[in-house]
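A short worksheet on the structure shown next.
The values are calculated or read from the model by the stated rules, or taken from the named source; none is laboratory data. It should be emphasised that the depicted structure is a prediction, and the values quoted were computed from it without experimental measurement. Positions of Cβ are generated from backbone atoms using ideal geometry, with glycine treated the same way; all protein chains shown enter the neighbour counts. Each accessible area value is taken on the protein alone, full model and side chains, heavy atoms only, with ligands, DNA and RNA left out. Shrake-Rupley method; radii C 1.70, N 1.55, O 1.52, S 1.80 Å.
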Amino acid sequence: MGSLPPSLDLPADPKHGQQRQIDESTLLNLFKAQQNHLNYFFRHLDLSQALSFSQTLLNTTGTIFFSGVGKSGFVANKISQTLVSLGIRASFLNPVDALHGDIGALSSLDVLVLFSKSGNTDELLRLVPCARAKGAYLVSVTSVEGNSLASVCDMNVHLPLERELCPFDLAPVTSTAIQMVFGDTVAIALMGARNLTKEEYATNHPAGRIGKSLIFKVKDVMKKQNELPVCREGDLIMDQLVELTSKGCGCLLVVDPDHHLIGTFTDGDLRRTLKASGEAIFKLTVGEMCNRKNV
């Protein structure tokens, strides 16, 4: 067992005029302690269990459901979302809602993964017989040896936990960290086994940087000619204000009779011209004030 993390020696309540502070060395020691606890997990994880679990998820022909209560529930939900983002059919099943109708989503083709540090969570234990009646394959992921949940599931994965970083060994901070590391690592293993390409990944993230760079072509984002704010150099600036503001480009494209670009006139150019010319702007043409550099 690792040494206990140092307790936080905090000043008195701010109501009594003293400001609370965290000492730098205390924070550093906490990070080092958490690192040691995570290293304990990596050193003692049964790789054969992790492999069996990963293979089970890979071979699932239905949906992979994840469930948990409290902080473990948040982790279970996050892992399910990670799998969904990789194109794997997965979902989070709230154990309380499941007993009030949501269990109808379960079938004999599905796997239900139950995350629980103690393995003695009442809500999950009540869910097990109902899920078994639906024919789902049940997997418990726990950190306490000899727990009740492991004994009633088809498979159990033990996540070795040295202790919580919490000085009372109570707040679930290290246990949830190893749950997250375990779940997300398995997700990437599934990603590799399914030979997911970057292009396939991008289709699941169309609004992200990768999705935009791989999915959208120039023609998908390029404005068509009738959508461009085009004007001629002899046009009066004031006559082109609607064109400047309505096309959402922030500038006018000044073209010659053959539609060759000869300059631009931007929102900034309009403000500077108005400030410098005042009422004279009503008589100025776009060509007189447009920017012809780098065109």
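Counting only alpha carbon atoms, the long axis of helix 24-44 and the longest principal axis of the chain meet at about 60°. Solvent-accessible area of ARG232, all protein chains in place: 100 Å² (probe radius 1.4 Å, heavy atoms, ligands and nucleic acids excluded). Calculate how steeply helix 122-133 sits against the longest principal axis of the alpha-carbon atoms of the chain, using the helix alpha-carbon long axis, and give the answer as 0 to 90 degrees to the nearest 10. With both axes taken from Cα atoms, the answer is about 90 degrees.
Where only DSSP H runs of four or more residues are counted, the chain gives -12500 deg cm²/dmol as its mean residue ellipticity at 222 nm, each run worth -39500 (n - 2.57).
Hull surface divided by four, with the convex hull built on the Cα atoms of the chain: how many nm²? Please list the in-between numbers first.
On the way: hull surface 109.8 nm².
Here the figure is 27.4 nm², rounded to one decimal.
In this simple spin-label model, placing a label point 7 Å from the Cα along the Cα-to-Cβ direction at both GLN19 and CYS166 gives a separation of 3.0 nm. Estimated at the nearest 10 Å², the accessible area of HIS260 is 110 Å² with a 1.4 Å probe. Pairs from the table (LYS223/LYS283; LYS78/LYS198; LYS224/LYS247) lying more than 23 angstrom apart at Cα are LYS223/LYS283. The distance between label points at GLN34 and THR61 comes to 4.3 nm (points 7 Å beyond Cα on the Cα→Cβ vector). Modelling each spin label as a point 7 Å along the Cα-to-Cβ direction, I'd like the LEU236/THR185 distance in nm, to one decimal. Between LEU236 and THR185, the simple spin-label model gives 7.3 nm. The relative contact order of the chain, computed from alpha carbon pairs under 8 Å that lie at least 6 residues apart in sequence, is 14 percent.
Once both axes come from the Cα atoms, what is the angle between helix 174-193 and the longest principal axis of the chain, in degrees from 0 to 90, rounded to 10? For helix 174-193, the angle is close to 70 degrees.
Packing, taken as the mean count of other beta carbons within 10 Å per residue, orders the peptides 26-35, 144-153 from highest to lowest as 144-153, 26-35. Between LEU261 and ASN226, the C-beta separation translates, for a Förster distance of 22 Å, into a calculated FRET efficiency of about 0.85.
How big is the accessible area of LEU159 in square angstrom, nearest 10, if you roll a 1.4 angstrom probe over the protein chains? Accessible area of LEU159: about 0 Å².
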